[in-house]
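Student: Quick one: this structure, given as structure tokens, is what I'll be asking you about.
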């Protein structure tokens, strides 16, 4: 089986490189211009840039102290890349690029720093805050939200088509 990369997939691979670069540059800037734990207000208490490092996964969820995050990332990126190559649905290939860019961005941190640099800090006060995150986390989260919305839309379309087919069958049966 020969895999042909058309313009769209080449564009998406360029987007992948750009997204990873944006993630890397922003983390580099934060790591080199902030003290660890330093927080700077952007929109008052609601949005701050806060430099922290996360040894765990997305949203600081621990998969265990000795979980092989880097190897897991490599396997996930490889699997998504193979799926990306054979997938024909343009929307899905875009989502795969978001997942790969997020996983790659955080994997680079794990290789270089043994943990992930996070800095986006949203919340109402010091006690009601979302876990601090970065662009790579955003790519994965946005990709997941869009994937769930896509699935819901597909289910609703199929349900509507099923109802229309049932109506057509009832009309045919009554004739």
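Readers should treat all values here as calculations from the given coordinates under stated rules, not as data from a laboratory. This structure is a prediction, so every number in the text was calculated from the model and none was measured. Cβ placement follows ideal geometry from the backbone for every residue including glycine, while neighbour counts extend to all protein chains displayed.
Student: Tell me the angle of helix 69-86 to the major Cα principal axis of the chain, expressed in degrees between 0 and 90 and rounded to the nearest ten.
Tutor: Approximately 30 degrees, to the nearest ten.
Student: Compute the helix-to-body angle for 7-33: its Cα long axis versus the longest principal axis of the chain, expressed 0 to 90° and rounded to tens.
Tutor: Orientation of helix 7-33: about 20 degrees from the principal axis.
Student: Would you mind computing Rg(Cα) / (2.2 N^0.38 Å) for the chain, counting N as its residues?
Tutor: The value comes to 1.35.
Student: Beta carbons within 10 angstrom, averaged per residue: use that to sort the peptides 147-160, 3-16, highest first.
Tutor: 3-16, 147-160
Student: Kindly put 25, 70 in sequence by how many other C-beta atoms sit within 10 Å of each C-beta, fewest to most.
Tutor: In order of increasing Cβ crowding within 10 Å: 25, 70.
Student: Let me ask another. What is the helix-to-structure angle for 90-113, meaning the angle in degrees between its Cα long axis and the longest Cα principal axis of the chain, kept from 0 to 90 and rounded to the nearest 10?
Tutor: 20
Student: Only counting other Cβ atoms within 10 Å, I'd like 100, 107, 144 sorted with the fewest neighbours first.
Tutor: 144, 107, 100
Student: Let me ask something additional. Taking the mean number of other Cβ atoms within 10 Å as a proxy for protection, how do you rank 79-92, 110-123 from highest to lowest?
Tutor: Going by the mean number of other Cβ atoms within 10 Å, highest first, we get 110-123, 79-92.
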